[in-house]
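A short write-up of the structure that comes next.
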Amino acid sequence: MMADKGVQNTIEALEERWRMIMFMYDDCVTKLEEKIERDRERRHARQKQELIALSIIYSAFSIPILIMVFIVYLFVLFF
């Protein structure tokens with residue numbers, strides 16, 4: 001009878017430890033997924049900033065060139 005009670009207590013203790021291990025595992029998986037999502041969002045934000053910066057640089061270079069071409073066109077057209 002005592003051996004059965006001892007075995008039962010050991011099984012219950014192991015089950016409780018298993019639940020704790022699974023809880024910690026699930027917590028780690030959740031934190032890892034959150035970290036991956038945060039990294040993805042940061043990467044997306046960085047790419048968005050780079051695209052905006054490239055658009056501004058492109059505009060800064062192309063608009064004066066287009067104005068210059070237009071002025072030359074008008075100069076050739078009227079003179």
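For the range 26-34, indicate whether the set of residues that are exposed (fewer than 10 other Cβ atoms within 10 Å of the Cβ) and part of a helix (DSSP H, G or I) is non-empty. No: the range 26-34 contains no residue that is exposed (fewer than 10 other Cβ atoms within 10 Å of the Cβ) and part of a helix (DSSP H, G or I). Among the residues of the range 57-67, those that are of a type outside the set (S, T, N, Q) and either surrounded by fewer than 10 Cβ atoms within 10 Å (Cβ to Cβ) or over 26 Å from the mean Cα position of the chain (by Cα) (or both) comprise 58, 60, 61, 63, 64, 65, 66, 67. When you scan the range 4-13, do you find a residue that is loosely packed, with under 10 Cβ neighbours inside 10 Å and on the phi < 0 side of the Ramachandran plot, even just one? Within the range 4-13, one or more residues are loosely packed, with under 10 Cβ neighbours inside 10 Å and on the phi < 0 side of the Ramachandran plot.
Readers should treat all values here as calculations from the given coordinates under stated rules, not as data from a laboratory. The shown structure was predicted, so the numbers you read here are calculated from the model rather than taken from an experiment. Note that we place each Cβ from the backbone using ideal geometry, even for glycine, and neighbour counts take in every protein chain shown.
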